[in-house]
Amino acid sequence: MRKLTYFIACSLDGFIGDPAGDATDMFRFVDEEFLAYLTEQYPETVATQGRRALGVDHLENKRFDTVVQGRGSYDEALKVGITSPYAHLRQYVATRSLPESPDPEVELITDDVVGKVRALKAEEGGLDIYLCGGSRLAGTLLDEIDELVVKSYPIVYGAGMPMFGAGLAVTEFALDEVRAFRNGTVVRTYSRKR
């Protein structure tokens, strides 16, 4: 059984973006030390354009071979003309409003996202599944999330888009690993308590 990992960046107060969903304030913490960690441990989570710019497009996928993201996350790529943001992965976008995929490499999930993710998890072989965001999708898939990798940046938004959509039941995870960086960023890895 493949795992679904919610690999997400957030502020100290648990927001993945400001009230409009903008997370650019967090990008300033992606310094040389942290970028080396990301490209060593999670190379497939760096979008294709970033991999090319960094000269790491040749790196093999280590943990994930599939990405699932919400429409809002996908829109960030579309805004800059990128229709296939993770060309090195199988790409799925959960949406109720996008009528057709703008790219043959991106498959839309227009209904029963939980069923689709369960089917992906049940596939034989392969690597795990990267849940890229956003908040509502993570809330919908909470029961399917097996692992959390939370990159906490040393800023406070005060308000914004939470890690998970509202109205959820209490769900427990166990802390597996903590990694701190000189810039104040902390990466915490949790596994689902079942």
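The table that follows gives values for the structure above.
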read-out	value
Percent antiparallel among DSSP beta bridges (both partners in the chain, rounded to 5)	40
Projected area, mean over directions - the stretch 86-194, Cα convex hull, nm²	9.2
20 Å reach of a label modelled at Glu123, 7 Å along Cα-to-Cβ, counting backbone N of the stretch 1-19	1-7
Within the chain: Cβ-based charge dipole about Cα centre, in debye rounded to nearest 20 (Lys, Arg +1; Asp, Glu -1)	300
Farthest positive-ward along the stretch 1-60 dipole, Cα basis, beta-carbon charges - from Met26, Leu54, Thr5	Thr5
Environment charge at Arg194 (Cβ cut-off 13 Å; Lys +1, Arg +1, Asp -1, Glu -1)	-2
Hydrodynamic radius of the chain per Kirkwood, over alpha carbon pairs, in Å	17.1
For peptides 136-144, 66-74, sequence by mean Cβ density within 10 Å, most packed first	66-74, 136-144
Summed side-chain charge close to Glu100 - residues other than Glu100 whose Cβ falls under 14 Å, Lys, Arg +1, Asp, Glu -1	-1
Convex hull volume of the stretch 1-100 per residue (C-alpha atoms, cubic angstrom)	138
For the stretch 82-140, projected area of the alpha-carbon convex hull averaged over all directions, nm²	4.5
Separation between Cα centres of the stretch 39-55 and the stretch 133-150, rounded to whole Å	22
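Every number in this text was worked out from the coordinates using simple rules, so none of it is lab data. As the structure is a prediction and not an experimental result, all values here were calculated from the model. As a convention, Cβ positions derive from the backbone with ideal geometry for all residues, glycine included, and neighbour counts pool all protein chains shown.
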